[in-house]
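Right, one structure below, let's go through it.
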Amino acid sequence: MDMLGGLTPSEFLRDYWQKKPRVIRQAFPGFQCPVSADELAGLACEQGVESRIIIENEDGKPWQLYNGPFEPDRFQQLPEQDWTLLVQGLDHWVPEIADLLDHFRFVPNWRLDDIMASYAPRGGSVGPHYDQYDVFLLQAQGHRRWTFGGHCDHTSPRVEGTPLRILSHWEGEETVTLAPGDMLYLPPGIGHHGVAEDDCITLSVGFRAPTVDDILTGFTDFLCGQSDAAEHLSDPDLQIQDNPGIIAPRVIDRIESLIRERLLDRRQLVLWFGQYTTAPKSLDIVVPPDDPAGEADLAEAIRAGEQLRWNEGSRFAYHDLGEETALFVDGEHYLLRGDARPLAPLLCAGARIPMAALAPLAEDSALLGLITALYNQGSVYFE
């Protein structure tokens, strides 16, 4: 499969990633959507599934937004055309959709977000807009006409009277129609508008990047949660001042030194970032199994060659920290040392864990205990 249209992943990242759009014909030849429109509607009625309906024009009001979960009869009340159903995080609920993400792992795990499904009858659209993230738009069923091009930002004019950020006075630079298996890559900030030409489903493989605010507030909140953060500033060398109102330079020096010491602690930064980027999007996604397993049960299943895979909503990553490796799974970290360190890259390489390589590592009781813990918290399961 030539998913990137003749480019190697390195060439794609060099020439297109966060630089310019690319249309890829038959990125997934003969692709058949694993879910139907009715199944998407069913998911949109479930608690814990993030879903939206967008109607282009409702009683003269443009681009009206409704959030799920919906009652089943809601879909009987919709017009024949010009509306869209969006189901976020479809990969969390459908293993066949989650498997698509393995094709995109030339981008690091921590950058992958999720796969959103967009179903629309003829004329359905979410309006001209731009996103703050990279996205691959895979046509899964039917046909959608995309117009795209031109950089947009917060100053771009928007349509009034709608909660959505719909661009007004925008004209794209290129128009293409995607058939099943075709794919369009769009970098952040590129305006785009997709309109269904018939009953169609588009799968949006989205990527994420934290904002500067996310990083600063997230890391400082993490530091404030450390046990020594409750300690008070001390000044045993306090001296008499000419004026009690002066904040002496040595006070600012002391505070600056304290802040630098904490903010430049690379180990703490790694632990926060790994936990932050692997935290589940929802508490409803990673749940313990009904029947917890013991270590003997896991050992037997591993020896039997049963296939262990990630929970569809789980996130895995790791980072080498000198003489130890930090493994991050669903917002938690585990420090591996010595012969245990190879477990981290093995677990993080893809959704299906290589069982032949895992078996000898699982002979170690401590590692078997860790694998069992991941199983019992719902991060991995046997297919």
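The values are calculated or read from the model by the stated rules, or taken from the named source; none is laboratory data. On a predicted model such as this, the values are computed, not experimentally measured, just so you know. Positions of Cβ are backbone-derived with ideal geometry, glycine not excepted, and every protein chain shown enters the neighbour counts. Surface accessibility is based on the protein's heavy atoms, side chains included, excluding ligands, DNA and RNA. Shrake-Rupley method; radii C 1.70, N 1.55, O 1.52, S 1.80 Å.
Observations, loosely collected:
- Alpha carbon centroid spacing (whole Å) that separates region 192-208 from region 133-162: 9 Å
- When a 1.4 Å probe is rolled over the protein heavy atoms, the share of accessible surface on the chain that falls to carbon and sulfur comes to 50 percent.
- Our estimate of slack between PHE104 and SER234, defined as 0.36 nm per intervening residue step minus the Cα-Cα distance, is 41.7 nm.
- Taking all Cα pairs closer than 8 Å and separated by 6 or more residues, the relative contact order of the chain comes to 15 percent.
- Cα-based equivalent ellipsoid, region 67-158: semi-axes from gyration tensor eigenvalues, Å: 24, 21, 13
- Counting only residues at least eight positions apart within a chain, or on another chain, the aspartates and glutamates with an alpha carbon under 13 Å from that of LYS281 are GLU50, ASP91, ASP113, ASP114, GLU312, ASP330.
- Computed 3J(HN,Hα) for region 307-318, one whole-Hz value per residue from the Karplus formula 6.51 cos²θ - 1.76 cosθ + 1.60 where θ = phi - 60°, is 7, 9, 9, 5, 4, 4, x, 7, 10, 10, 7, 8, glycine and proline marked x.
- Accessible surface area normalised per residue over the chain is 52 Å², counting heavy atoms of protein chains with a 1.4 Å rolling probe.
- Distances between placed amide hydrogens fall under 5 Å for ARG158 paired with SER168, all partners being 5 or more residues away or on another chain.
- Here's how it looks for GLY127: its modeled amide H is under 5 Å from those of GLY194, which are all 5 or more places away or on a different chain.
- Taking amide H as placed 1.01 Å from N in the peptide plane, LEU321 has its amide H under 5 Å from the amide H of ALA326, each at least 5 places away in sequence or on another chain.
- Entry note, the chain: the mean residue ellipticity at 222 nm calculated from DSSP H runs of n ≥ 4, each adding -39500 (n - 2.57), is -7000 deg cm²/dmol after division by the residues and rounding to the nearest 500.
- Acute angle (nearest 10 degrees) that the helix 365-376 long axis makes with the longest principal axis of the chain, alpha-carbon atoms: 40 degrees
- Here the Gaussian network model covers the chain, with springs between Cα atoms less than 10 Å apart; of ARG74, ARG144, ARG309, ARG74 fluctuates the most.
- Stretching CYS224 away from GLU383 to a fully extended chain increases their span by 53.2 nm, per 0.36 nm per residue minus the current alpha-carbon distance.
- Size of region 1-134 from its Cα atoms: along the principal axes, largest to smallest, the extents are 48, 31, 29 Å.
- Normalised contact order of region 28-170, rounded percent, pairs of Cα under 8 Å and 6 or more residues apart: 25 percent
- Whether the chain is rounded, prolate or oblate, judged on the alpha carbon gyration tensor where a/c under 1.5 counts as rounded: oblate
- Separation in nanometres of the label points that stand 7 Å from Cα toward Cβ, at ARG208 and GLU46: 2.0 nm
- The phi-based Karplus calculation (6.51 cos²θ - 1.76 cosθ + 1.60; θ = phi - 60°) puts the 3J(HN,Hα) values of region 145-154 at 9, 10, 10, 8, x, x, 7, 10, 8, 5 Hz, whole numbers, x for Gly and Pro.
- Contour minus Cα-Cα distance for ALA359 and GLU300 (0.36 nm per residue): 20.2 nm
- Residues in region 222-245 reached by a label modelled at ASP265 [backbone nitrogen below 19 Å; 7 Å Cα→Cβ]: 222-234
- For the listed peptides 230-240, 311-321, 93-103, a ranking on the average number of other beta carbons within 10 Å per residue, highest first, reads 311-321, 93-103, 230-240.
- Over region 133-284, the ratio between the Cα radius of gyration and 2.2 N^0.38 Å evaluates to 1.72.
- Under Karplus coefficients 6.51, -1.76 and 1.60, residue-wise ³J(HN,Hα) of region 183-197 in Hz, glycine/proline x: 8, 10, 9, 10, x, x, x, 8, x, 7, 8, x, 10, 5, 8
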